[in-house]
Amino acid sequence: MPNPFKPTAGKTPPVLVGRQNILEDFRFALTDGPGAPGRLRYITGPRGVGKTVMLNAIGNYARNLGWTVIDQTAERGFAEGIIQALSDHRSVQPNAITLPSASIATPVLGAEATVNLGKVELRRLEKAHNLRLAIGAKLDSLDESRQGVLITLDEVQMTSIEEIRSLAIGVQHLIREDRNVAFVFAGLPSMVEEVINDKVITFLRRAEKDHLGSVDLREIWIAFEQTISQYGKRADYQVLNELTQATNGYPFMIQLVGYWAWRYADVNGHDDRITVDDAEQGIRRAKLKLGDMVHAPAFDGLSAMAKDYLIAMSQDDGPSRTADIARRIERNAQFASVYRAQLIEEDIIEPAGYGYVDFKIPYLRDYLKEHAAHHQMKMTIRNMLREGESLKELNPKKTEPRGSES
Ligand SMILES: Nc1ncnc2c1ncn2[C@@H]1O[C@H](COP(=O)(O)OP(=O)(O)OP(=O)(O)O)[C@@H](O)[C@H]1O
Ligand SMILES: [Mg+2]
């Protein structure tokens with residue numbers, strides 16, 4: 001039997017553990033008709049928590065109801081991608097609808113908004129207009145009493161903010177006209193919050209939020225049991241317990257642990273079962289893979305100071321005292337608290353009682369302990385450079401190039 005587990009970003013798992021309530025919510029949003037609040041929503045949470053998979057699940061749900069679903073990632077040109085997908089690659093060319101000048105009155109622009117528009121705003125509204133026409137035309141071709149258009153947008157971030165604004169304006173108008181549309185977007189917490197709090201478009205602030213976190217261990221246990229037996233192997237209580245414990249409730253780890261335990265069972269010649277040995281070998285391998293696939297990218301994306309903060313935390317074996325961390329990174333408490341707040345917002349650490357923080361992503365502590373030597377060295381060099389700079393201030397005649405902070 002093929003390995004049922006899917007430890008790959010964005011791949012639908014054999015059992016979607018612990019997200020039933022969100023799907024249920026979305027089901028109501030679709031059946032409640034135009035204007036239902038849950039039709040405008042966003043999914044956020046740390047890396048590997050299942051945002052993309054959730055967008056897929058929501059998309060599939062809508063598709064099964066006969067909706068047209070357009071899935072896009074918020075990269076440059078995604079707005080055109082939506083228009084193209086809606087027009088079934090037929091006649092619509094990019095920028096087919098062009099507003100000729102700032103003096104035109106369209107339903108999107110409104111007569112009052114036609115003067116003194118800058119180039120950027122005009123382009124934004126033009127794109128919004130095109131999106132609205134494309135979605136509207138698609139809706140016209142459907143039986144709108146039961147079908148609609150759902151747009152899903154993954155990896156939302158500020159670099160695509162102009163196109164996101166256009167899409168938001170377009171969707172806002174369609175919602176106002178009671179058309180059968182839904183818009184669900186997803187992204188890492190800090191990125192998606194930045195977009196939501198955009199100063200130009202406030203519409204997205206009304207979106208309902210699904211903040212994904214870890215899932216219940218009992219549900220994970222059941223999912224392991226079902227998946228393993230359905231695909232032709234047996235696993236006893238101890239194996240299921242060990243696999244479940246090793247996930248720490250973290251969705252990506254469910255797939256990693258399941259995949260590697262299954263794989264070792266195959267390698268060890270156990271066609272019809274997973275033994276405790278297979279499970280333990282699998283768990284060890286899964287932890288290593290988690291480092292490559294989750295910890296490394298999550299860590300690499302952080303600022304140098306945030307990295308130092310985490311390295312300083314990894315010296316403890318349990319929750320860290322924030323005062324100790326500030327001392328270890330040789331900064332005052334106020335400075336350290338800025339990075340504390342940032343890492344909490346990123347879902348990487350969490351408060352653990354007054355004056356304490358702890359890791360939120362499982363096994364990140366172990367990963368950092370293993371990789372600390374390398375980063376510690378970088379940190380020392382940076383501190384040396386910083387000290388060099390303060391010396392320079394005392395002796396301003398010296399004009400050496402500044403040390404890099406990265
Ligand atoms: N609820 C779940 N139950 C079981 N497995 C899950 C669940 N959610 C996600 N997974 C698995 O976890 C892995 C990561 O999921 P996904 O790629 O959706 O995460 P993400 O939040 O989009 O991550 P990123 O921030 O890196 O884009 C996939 O292998 C997926 O199959
Ligand atoms: Mg994703």
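Side notes on the structure shown:
- Every pair of residues 6+ apart whose Cβ atoms lie under 9 Å, when the first sits in region 350-368 and is under 16 Å from Tyr250 (Cα atoms) and touching a residue at least 40 places away in the same chain (Cβ under 8 Å) while the second is open to solvent by less than 40 Å² (accessible area, probe 1.4 Å) and of a type in the set (Lys, Arg): Asp358/Arg365; Phe359/Arg365
- Residues located in region 166-206, provided they are in contact (Cβ under 8 Å) with a residue 24 or more places away in the chain, part of a helix (DSSP H, G or I) and open to solvent by 30 Å² or more (accessible area, probe 1.4 Å): Gln172, Ile175, Met191, Glu193, Glu194, Arg206
- Extreme residue, surrounded by the fewest Cβ atoms within 10 Å (Cβ to Cβ), among residues of region 251-273 that are out of contact with any Gly (no Cβ under 7 Å at 6 or more places or on another chain) and assigned to a loop (DSSP other than H, G, I, E, B): Gly269
- Selection within region 25-39 - open to solvent by 30 Å² or more (accessible area, probe 1.4 Å) and part of a loop (DSSP other than H, G, I, E, B): Asp32, Pro34, Gly35
- Taken together, the residues in region 124-165 that are out of contact with any Leu (no Cβ under 9 Å at 6 or more places or on another chain) and open to solvent by 40 Å² or more (accessible area, probe 1.4 Å) amount to 9.
- For Glu346: the one exception among (1) farther than 16 Å from Ala296 by Cα; (2) modelled with pLDDT under 95: (1)
- For region 142-156, the criterion of being farther than 25 Å from Gly66 by Cα and either assigned by TED's automatic domain parsing to the domain that holds Gly45 or within 16 Å of ligand 1 (Cβ to nearest atom) (or both) is satisfied by at least one residue.
- Single residue of region 207-229 satisfying the filter (surrounded by 18 or more Cβ atoms within 10 Å (Cβ to Cβ) and hydrophobic (A, V, I, L, M, F, W, C)) that is farthest from ligand 1 (Cβ to nearest atom): Ala207
- Positions within region 169-207 being farther than 19 Å from Val69 by Cα and of a type in the set (Gly, Ala, Ser), in sequence order: Ser190
- Residues of region 4-24 that are surrounded by fewer than 16 Cβ atoms within 10 Å (Cβ to Cβ) and either away from ligand 2 (no atom under 16 Å from the Cβ) or not small (Gly, Ala, Ser) (or both): Thr8, Lys11, Thr12, Gln20, Asn21, Leu23, Glu24.
- Residue in region 40-53 that is more than 21 Å from Pro189 (Cβ to Cβ), modelled with pLDDT of 95 or more and either open to solvent by less than 70 Å² (accessible area, probe 1.4 Å) or within 16 Å of ligand 2 (Cβ to nearest atom) (or both) present: no
- Residues satisfying the stated conditions in region 274-305, i.e. of a type in the set (S, T, N, Q) and open to solvent by less than 40 Å² (accessible area, probe 1.4 Å): Thr275
The values are calculated or read from the model by the stated rules, or taken from the named source; none is laboratory data. Bear in mind the structure is a predicted one, so any value in this text is a computation, not a measurement. All Cβ positions, even for glycine, are placed from backbone atoms using ideal geometry, and neighbour counts span all protein chains on display. We work out accessible area using only protein heavy atoms, side chains counted, and drop any ligands, DNA or RNA first. Shrake-Rupley method; radii C 1.70, N 1.55, O 1.52, S 1.80 Å.
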